[in-house]
Amino acid sequence: MTANEDQEMELEALRSIYEGDECFKELGPVSFQFMVGNHNESNSFLLDVSWPKTYPETAPHISLDAFFNNRISLETKQLIISKLYEQVEMNLGTAMMYTLFEWAKENQTMLMENHQPAVSAVTLTSNNDTNSPVSVIKKKEKKEQLTKAQKRKMIGRTDNKGELPRGWNWVDVIKQLSKTGGKEDG
């Protein structure tokens, strides 16, 4: 069998095994997500797995870069990835997704036993750029929140280009002139 035939057969098997299972999500024909644990558990994590063209003869790409995993420390992510790749090495050449997913479910407590929720978001990548930091925290500027009434009033003042029409504040001009006595009677 060719790699593509093996992939098609494994894809059919995964679809039939995990049909209706909320933990399994097919992102594409060679890309999947698998939730280990429940969404509301602090020790759960989301695996992103994709197959290269030569899978199952070569290892699948496994990552924990999903936003769901941003609270997991770098050390815990590295442990999970390394343990999963040990399983990949033992199953290389065979259809292994079901085996990997079930192994991760069975060993969830062992994989997450030293888990301490991370203070900042951490991304685990395989870039060769050693000068860049692992994570960068940027604080967004907090914008002033307007009520619906304030937004409606603001929209009512502007034209379709978002600009205020000429003379929009004429009431203020008249008030100012009345205070300063715009005309002098002579």
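The values are calculated or read from the model by the stated rules, or taken from the named source; none is laboratory data. Because the structure is predicted, anything quoted here is derived from the model rather than measured. In this analysis, Cβ positions are derived from the backbone assuming ideal geometry, glycine residues included, and neighbour counts consider all displayed protein chains. SASA here: full protein model, heavy atoms, side chains in, ligands and nucleic acids out. Shrake-Rupley method; radii C 1.70, N 1.55, O 1.52, S 1.80 Å.
Here are some notes:
- Residue that is surrounded by the fewest Cβ atoms within 10 Å (Cβ to Cβ), among those in the stretch 33-55 that are of a type outside the set (S, T, N, Q) and in contact with a Pro (Cβ under 9 Å, 6 or more places away or on another chain): Pro52
- Residue within the stretch 150-169 that is over 28 Å from the mean Cα position of the chain (by Cα), of a type in the set (S, T, N, Q), open to solvent by less than 80 Å² (accessible area, probe 1.4 Å) and modelled with pLDDT of 75 or more present: no
- Residues in the stretch 19-42 that are in a loop (DSSP other than H, G, I, E, B), in contact with a strand residue (DSSP E or B) (Cβ under 9 Å, 6 or more places away or on another chain) and within 20 Å of Ile80 (Cβ to Cβ): Cys23, Gly37.
- The sole residue among Glu184, Glu106 that is over 29 Å from Phe34 (Cβ atoms), of a type outside the set (Phe, Trp, Tyr) and either surrounded by 10 or more Cβ atoms within 10 Å (Cβ to Cβ) or modelled with pLDDT under 65 (or both) is Glu184.
- Residues in the stretch 56-70 that are open to solvent by less than 20 Å² (accessible area, probe 1.4 Å) and within 23 Å of Asn91 (Cα to Cα): Pro56, Pro60, Ile62, Ser63, Leu64.
Residue-by-condition table, conditions (1) hydroxyl-bearing (Ser, Thr, Tyr); (2) assigned to a loop (DSSP other than H, G, I, E, B); (3) over 20 Å from Phe24 (Cβ atoms); (4) over 24 Å from the mean Cα position of the chain (by Cα):
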| site | (1), (2), (3), (4) |
| --- | --- |
| Asp48 | no, no, no, no |
| Lys53 | no, yes, yes, yes |
| Glu57 | no, yes, yes, yes |
| Lys77 | no, no, yes, no |
| Glu86 | no, no, yes, yes |
| Thr99 | yes, no, no, yes |
| Ala104 | no, no, no, no |
| Thr109 | yes, no, yes, no |
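- Among (1) of a type outside the set (Phe, Trp, Tyr); (2) touching a Phe, Trp or Tyr at 6+ places or on another chain (Cβ under 9 Å); (3) surrounded by fewer than 18 Cβ atoms within 10 Å (Cβ to Cβ) - the single one Ser73 does not satisfy: (2)
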